[in-house]
């Protein structure tokens, strides 16, 4: 009797298991049946497209934080960003007093060939008055198919003489390199995104720097991009046979290594990261750290170690689906912990970039670097070799608001409406002379206060220092190029960049960090 009872229980469990398996296999049919009932029997006619899209989004929210649904528009924008190009006329602009004002012109662009200049006002595009138009609407008018033309009515700087110019749109290279310049014998290159041509653009920028003795690679706020671009850029710094990264998933287990020596393997490298350096940035920083190829400084990175694949859907939308985890050369998984379906908490977590001493590293996730045997940890982003506190940048709330509202750019427009940039350039023929010799006048400060709606008495001593430095940096951009803004800002206001320059300059300090950190 007992044996029969046990046999019966066993059969029940087998039956329940079969039901569970059958139920799992029929989930898609169940979902289709629900939508069929909505289509055939619901009291009103309901378009199914928005319902299906919301269902997809809700489903993906129950997965990891980086699996997402992309609409047609979003997938087009993302692919344009990863390609690094778009069709336009090659200007950067701002809405100033309800008017589109040109801030800068990209080299060799249609705008440059049409003699459009900084501080020109754009009044109309193809006969449409753009004064008072939102910036997104203006952007849509500039963009279009390659080789299509548009007529731009321009009010020239200072004279405000109106002129209509016909410009033909061209493919514009949206460079992944934010800026590059020299600080003495140290090169500095900031990478904003990992788009397809990043390695070739980086190497070209490196060659333009000339014979430098060390190199700083700034990846702060670089949220990543294509994994292939990360592999290409990292490969510039590694030797033949060095592993760059590997992926681990159900069907995506790949090891990427160097097939030949990279082109930049013989000079010290300092990499700057922060809490917004993610994904491809972490591939680069992780490989440099694991191979003891350079010193990592800044804040602990974001901790995104998941690989996504774009799966196209028939209507032009797509799934951005996580298919694997990536590992650094030492075997670290950089992805930080997450709970399925709790994405808001994951994004809001700020402990990941606090001082390394406050981050609990799991001894089970400890690895060693491949040449010097330094301790490194997985499971929480890339922890820098040198943590740099930038809390000294402590601005008052009102000045933070002014900075976010681009008040420095608005003030710069007012300055150049009544100042000869040619005359200033003759007086200060390089950025260092301008930085040390040019004094911000009371008149310019009054322009800033007016634009920011601030009073001098409301501001701290550091606020005043920040304002004068930023005005000078913004003016330098017009005189010498966009790089000059970064140069002055880094020199006076950026503790991470300042310490990176110190480490890159002092060879003994550089080697001491590599030979002592984490052992």
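The values are calculated or read from the model by the stated rules, or taken from the named source; none is laboratory data. Predicted model only: the values in this text are computed from it and were never measured. Every residue, glycine as well, gets a Cβ built from its backbone with ideal geometry; the counts of neighbours run over all protein chains shown.
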Are there any strands (runs of 3 or more DSSP E) wholly within the range 288-331 with 1 or more residues that are within 28 Å of residue 75 (Cα to Cα), and if so which?
306-312, 318-327
So, residue 464, is that one more than 20 Å from residue 403 (Cα to Cα) and surrounded by fewer than 16 Cβ atoms within 10 Å (Cβ to Cβ) or not?
no
Out of the residues in the range 159-177 that are loosely packed, with under 13 Cβ neighbours inside 10 Å and in a loop (DSSP other than H, G, I, E, B), state the one that is modelled with the lowest pLDDT.
159
Residue count, the range 444-466, condition out of contact with any helix residue (DSSP H, G or I) (no Cβ under 7 Å at 6 or more places or on another chain) and over 23 Å from residue 416 (Cα atoms), comes to 4
Can you tell me which of 200, 223, 190 is in the same structural domain as residue 283 (by TED's automatic domain parsing), within 21 Å of residue 285 (Cβ to Cβ) and in contact with a strand residue (DSSP E or B) (Cβ under 7 Å, 6 or more places away or on another chain)?
190
Is one or more of the residues making up the range 406-419 at positive phi and not assigned by TED's automatic domain parsing to the domain that holds residue 456?
no
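Considering only the range 178-201, state which residues are assigned to a helix (DSSP H, G or I) and crowded, with 22+ Cβ neighbours inside 10 Å.
198
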Output the number of the condition that residue 222 fails; it satisfies all remaining conditions of (1) more than 19 Å from residue 302 (Cα to Cα); (2) in a loop (DSSP other than H, G, I, E, B); (3) within 20 Å of the chain's Cα centre (by Cα).
(1)
Would you mind finding the one in 316, 303, 298 that is out of contact with any strand residue (DSSP E or B) (no Cβ under 9 Å at 6 or more places or on another chain), in contact (Cβ under 8 Å) with a residue 24 or more places away in the chain and crowded, with 24+ Cβ neighbours inside 10 Å?
303
Residue hits (the range 379-400; farther than 29 Å from residue 334 by Cβ and touching a residue at least 12 places away in the same chain (Cβ under 8 Å)) are 394, 395, 396, 398, 399
Within the range 261-275, is even one residue crowded, with 19+ Cβ neighbours inside 10 Å, more than 21 Å from residue 186 (Cβ to Cβ) and in contact with a strand residue (DSSP E or B) (Cβ under 6 Å, 6 or more places away or on another chain)?
no
Filter the range 352-391 for residues that are surrounded by fewer than 12 Cβ atoms within 10 Å (Cβ to Cβ) and assigned to a helix (DSSP H, G or I); which is modelled with the highest pLDDT?
364
Within the range 454-478, the residues that are free of Cβ contacts under 8 Å to residues at least 12 places away in the same chain and more than 31 Å from the chain's Cα centre (by Cα) are 455, 456, 457, 461
Those helices (runs of 4 or more DSSP H) lying entirely in the range 54-149 with at least 2 residues at pLDDT 90 or above:
110-113, 135-142
Lone unmet requirement of (1) over 30 Å from residue 451 (Cβ atoms); (2) in a strand (DSSP E or B); (3) without any contact (Cβ under 8 Å) to a residue 40 or more places away in the chain for residue 154:
(1)
Within the range 114-129, the residues that are over 15 Å from residue 161 (Cα atoms) and either in contact (Cβ under 8 Å) with a residue 12 or more places away in the chain or crowded, with 20+ Cβ neighbours inside 10 Å (or both) are 114, 125, 126, 127, 128
Quick check on this structure: which one of 294, 316 is farther than 20 Å from residue 333 by Cβ and modelled with pLDDT under 90?
316
Condition broken by residue 298, with the remaining ones in (1) within 17 Å of the chain's Cα centre (by Cα); (2) closer than 21 Å to residue 238 by Cα satisfied:
(2)
Test: residue in the range 412-423 that is in contact with a strand residue (DSSP E or B) (Cβ under 7 Å, 6 or more places away or on another chain), within 29 Å of residue 156 (Cβ to Cβ) and part of a helix (DSSP H, G or I):
yes
